[in-house]
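The structure under discussion appears below in the form of structure tokens.
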Amino acid sequence: MKPGKTILSQILDGLHPEEFRRCALRYSTCRQTPALSAYDHFAAMIFAQLTHRESLRDIEACLNARGNVLYHSGIRGNITRTNLAYANEHRPAQLFASVAELLMRRASKLYAGAKDVIDLDGELFAIDSTLIDLSLAIFPWARWQGTQAAVKLNVVLAVAPELPQFCTLVAGDVHDVNFLDDIVFSPGGYYTLDRGYVDYKRLYKIHRAGAWFVIRAKSNMGFYVVQSRTVDKACGLRCDQTIRMGSAKARRDYPEALRRIHYYDNETQKHLVFLTNNLVLPALIIAAIYKRRWEIELFFRWIKQHLRLHGFYSNNRNGVAVQIWTAVCAHLLVAIAHRQLTLPGSLHRTLQIISISSLEKLTLHQLVAEYNTSIPLVGIPIQLEINGF
């Protein structure tokens, strides 16, 4: 570690500037901004995400107040509100999406050995989307339904390391199931989805890719039973069946047999019906796989609470996308640093500490070191002795 590097610079080390430059060469703005390069723009937005800055003026004030350390943070340009506003509006958000994709691949390799609580012979993924709410008065281009405005972040989450593997950002009115067309499914991987993704043609695409899926069935699903297996009802199972689709269209879309499992969850007191193309795993393991889908809900809650996905710096469509993609990048950069440097504690704790010390000249190990304050100091008298008392 070179002396004098700030915490922000050490976080940005997860992405080499040359890698960023190669991504930037794919996209060009309508006017070059030499006062604020693409990398300076990216670094400033990562700083804003990590430290929860409220506005562009806030970013300008905080960075310029520590102008003596900006060079050691990797920032060479002139950070002003107008430069940032122009860059957010005109620098293509696809650049930051490409950087996020690069960081997702790097994080995936670093966390490849992460083990899930369910011992499967393949990696477990959860697929879902979250709406990022906007104000219709300020963002009229993002009208979703009625008087609501939003954009939608679709995510494929690797469940064991709790890191995104693939993301897309779309309009709020785009149906969730369309996201399945963009995913390249890993052979041997397990994918768990909610019933909003039930589309038999797209589920058959997962099957033909050599991957497994576990999804909740819709209540009006038509089917006929090919085979029934005995189940232990004391474990919450109600039935375990091999089925085929009932309607001619559904059979055309999914011509193979499916497995239907009915499970009663004592914790939530709900009856859940699952569909899967895996005919071998025990029925309770299938139910456990679907239960792990909850991790993606926790991931969405986590990034919304700890990153800047509200109070946007720009009213422009491109500026909103830039802020969302840099939030994803900030999360991945901290995860990469946490893994590469084997930092103690959780990712959440590391991010909290970084948020108040991003421009300090310390090593990350020094910053996040866990000190035990419960041990009393030795050699210091508890009470001073005063003569005569």
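Taken over the stretch 166-175, the criterion of being modelled with pLDDT under 95 and either under 17 Å from F300 (Cα atoms) or among the hydroxyl-bearing types (S, T, Y) (or both) is satisfied by G172 alone. The residue that is nearest to A24 (Cα to Cα), among those in the stretch 81-108 that are over 16 Å from the mean Cα position of the chain (by Cα) and among the charged types (D, E, K, R), is R91.
With the condition kept exactly as written, say whether any residue in the stretch 196-213 is aliphatic (A, V, I, L, M) and loosely packed, with under 14 Cβ neighbours inside 10 Å.
Kept after step one, since they are aliphatic (A, V, I, L, M), are these residues of the stretch 196-213: 198, 203, 206, 209, 211.
With loosely packed, with under 14 Cβ neighbours inside 10 Å added as a condition, the list becomes none.
Within the stretch 196-213, none of the residues are aliphatic (A, V, I, L, M) and loosely packed, with under 14 Cβ neighbours inside 10 Å.
Taking helices (runs of 4 or more DSSP H) as the structural unit, those lying wholly within the stretch 248-352 and holding at least 1 residues that are loosely packed, with under 15 Cβ neighbours inside 10 Å and touching a Ser or Thr at 6+ places or on another chain (Cβ under 9 Å) correspond to 294-306.
Take V184 and tell me if it is surrounded by fewer than 20 Cβ atoms within 10 Å (Cβ to Cβ), over 28 Å from N316 (Cα atoms) and of a type in the set (A, V, I, L, M, F, W, C).
Details: surrounded by fewer than 20 Cβ atoms within 10 Å (Cβ to Cβ): yes; over 28 Å from N316 (Cα atoms): yes; of a type in the set (A, V, I, L, M, F, W, C): yes.
Yes: the conditions hold for V184.
Scan the stretch 72-89 residue by residue and report those that are among the polar types (S, T, N, Q), in contact (Cβ under 8 Å) with a residue 40 or more places away in the chain and in a helix (DSSP H, G or I). Of everything in the stretch 72-89, those that are among the polar types (S, T, N, Q), in contact (Cβ under 8 Å) with a residue 40 or more places away in the chain and in a helix (DSSP H, G or I) turn out to be S73, N83, N88. Answer yes or no as to whether F185 is assigned to a loop (DSSP other than H, G, I, E, B), out of contact with any Ser or Thr (no Cβ under 6 Å at 6 or more places or on another chain), modelled with pLDDT of 95 or more and not small (G, A, S). Answer is yes for this residue.
Just one of (1) among the polar types (S, T, N, Q); (2) surrounded by fewer than 19 Cβ atoms within 10 Å (Cβ to Cβ); (3) assigned by TED's automatic domain parsing to the domain that holds G319 fails for S108. It is (3).
Just to verify a result, which residue in the stretch 214-247, among those that are among the hydroxyl-bearing types (S, T, Y) and not in a loop (DSSP other than H, G, I, E, B), is surrounded by the most Cβ atoms within 10 Å (Cβ to Cβ)? Only one residue fits best here, namely T242. The lone criterion from (1) of a type in the set (V, I, T); (2) in contact with an Asp or Glu (Cβ under 8 Å, 6 or more places away or on another chain); (3) not in a loop (DSSP other than H, G, I, E, B) left unmet by V69 is number (2). Just one of the numbered conditions (1) out of contact with any strand residue (DSSP E or B) (no Cβ under 9 Å at 6 or more places or on another chain); (2) within 20 Å of A38 (Cβ to Cβ); (3) not acidic (D, E) is not true of A100: (1). Of all residues in the stretch 198-232, those being under 25 Å from D121 (Cα atoms), under 36 Å from the mean Cα position of the chain (by Cα) and not hydroxyl-bearing (S, T, Y) number 16. Listed by first and then second residue, the pairs with beta-carbon distance under 6 Å, at least 6 apart or on different chains, first residue in the stretch 269-290 and more than 13 Å from G236 (Cβ to Cβ), second in a loop (DSSP other than H, G, I, E, B), are L275/A217. Looking across the stretch 32-58 at every residue that is in a loop (DSSP other than H, G, I, E, B) and in contact with a helix residue (DSSP H, G or I) (Cβ under 7 Å, 6 or more places away or on another chain), the one that is modelled with the highest pLDDT is identified as R53.
Please verify whether the stretch 51-66 includes one or more residues that are farther than 22 Å from H310 by Cβ, surrounded by fewer than 16 Cβ atoms within 10 Å (Cβ to Cβ) and not basic (K, R). Full working, then the answer.
Restricting attention to the stretch 51-66, the residues satisfying the condition of being farther than 22 Å from H310 by Cβ are 64-66.
The next check asks that each one be surrounded by fewer than 16 Cβ atoms within 10 Å (Cβ to Cβ); those that pass are 64-66.
From the residues that got through so far, the ones that are not basic (K, R) too are 64-65.
Yes: the stretch 51-66 contains one or more residues that are farther than 22 Å from H310 by Cβ, surrounded by fewer than 16 Cβ atoms within 10 Å (Cβ to Cβ) and not basic (K, R).
The values are calculated or read from the model by the stated rules, or taken from the named source; none is laboratory data. This structure is a prediction, so every number in the text was calculated from the model and none was measured. Cβ sites come from the backbone with ideal geometry, for glycine too, and all protein chains shown count toward neighbours.
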